[in-house]
Amino acid sequence: MSPSARLGVALAGMTVVSQFHRAAVGVVAPELAADLGMGPGALGAANTAFFGALLLAQIPVGVALDRMGPRRLVLALTALAVPAALLQALAQDGGQFLAARFLLGLGCAASFMSVVVLAGRWHRGPAMTGAVARIFAWSQLGILAAGAPLAVVSGVIGWRGAYGASAGLTLMLGLLWWRFAADDPPGTAPRLAPRETLAEVLAGQFQVWATPGLPRILALHMVGYGVMATLLALWAGPYLNDVHGLDPAARGAVLLAMGLAVPAGQLALPLIERRLGRERTVLAMAGVALVALLALAWPGLALWPAAGLLVGVCFFSAYPILLVTQGRGLFPEHRVGRGVTTVNLAQVLGSALLPVLVGVALDGFGLTPAGYRAGFLLLGAALAAGMAGYRFLPRG
């Protein structure tokens, strides 16, 4: 296996396990509620704890990526993720489980941005886009594994045994990372991080925030992924139930199709970029997703068109990968860790805020067709605003 292929396997393994841990609560939620006395609010807080840790860790992770390099940093954080995953299995009450989820979020905080940093060192131009797209597409296996496979395993050995096994899997993939990952391609001199005082580190972060051309990337990145995630992870299922009356099996089939459309779009992205160019691809795919959201708000929309539009939003929401790679190119190599985590911070913020905003709209209208139409229009307005920022804000 070539060094590049070994690196790809290591990166795919780390992103798969990170996605798994992100999504590994919902399918065992009833058992957690019964055994740990966790109500709906506490169960919701379990995911909030994980994503809150990701949010808090982004700036320190960016500094560490620049100072330590991706290989050492991910290895160190995996050493935290393994016991955190085990602590989930050993939790005796809701508070202990939430603490374990928070630590697990910290342990997974560098996985995806390490892909962006290393892909830019090992590949150039469209090859970088292809590498990032392939790894992000493979990462969706983690979300799929956190569904039916996790349910089957927990049914056989219990949720504690399943979480214990996930700690073992995390350890195995950490060892794979230690064996296969490398910060620099063969034949190139290792990058030496410049020595910086704390004041220089902080000044470097402020210089990242002041980078010309960054606001236009952040404007669209804050909503691009969040729109898709809001539908797939939260509101598509209730919409299909409340508006179209689908039973759990039918809802699951539509959600599975949506989930499969995500990696399909990511794998198709390099081909589309080669045909249209980077910025035209971003605007074209975002534009199709926007049209699909507006169509979903059409009164009296039938089930099959609605399902097709939901799948379409997921497929055409692959373009944030191009925003990340475009953002990476704005920063000098010695600040690229801080740069890409700043770009990622926008995505995390948007993914946290958009579901809440849609929930507020539904609170106002109720779980009715009008309420969901308002939610789709709200997501469409957010995406349109992001597209306007990307198109018209200064390029630097």
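The values are calculated or read from the model by the stated rules, or taken from the named source; none is laboratory data. Note that the structure is predicted; figures quoted are calculated from it, not measured. Reconstructed Cβ throughout: ideal geometry from the backbone, glycine too, with neighbour counts over all protein chains shown. Surface areas here come from the heavy atoms of the whole protein model, side chains and all, with no ligands, DNA or RNA. Shrake-Rupley method; radii C 1.70, N 1.55, O 1.52, S 1.80 Å.
Between Leu303 and Val152, the C-beta separation translates, for a Förster distance of 35 Å, into a calculated FRET efficiency of about 0.75. Peptides 294-305, 274-285 ranked from most to least packed, by the mean per-residue count of other Cβ atoms within 10 Å: 274-285, 294-305. Rounded to whole numbers, the Karplus 3J(HN,Hα) couplings from phi for segment 276-286 are 10, x, 5, 6, 5, 5, 4, 5, 5, 5, 4 Hz, using 6.51 cos²θ - 1.76 cosθ + 1.60 with θ = phi - 60°, and x at Gly and Pro. The calculated 222 nm mean residue ellipticity attributable to helices in the chain amounts to -27500 deg cm²/dmol, summing -39500 (n - 2.57) over DSSP H runs of n ≥ 4 and dividing by all residues.
Taken per residue, the accessible surface of segment 33-88 reaches 41 Å², heavy atoms only and a 1.4 Å probe. Among the trypsin sites (Lys or Arg not before Pro) in segment 336-396, those located in a DSSP loop and surrounded by at most 16 other Cβ atoms within 10 Å of their own Cβ are Arg395. Can you tell which of Gly312, Gly380, Gly187 shows the greatest fluctuation in a Gaussian network model of the chain with Cα springs below 10 Å? Comparing Gly312, Gly380, Gly187 in the GNM, the peak value goes to Gly187. Relative contact order for the chain: 25 percent, from Cα pairs under 8 Å spaced at least 6 residues apart, divided by residue count.
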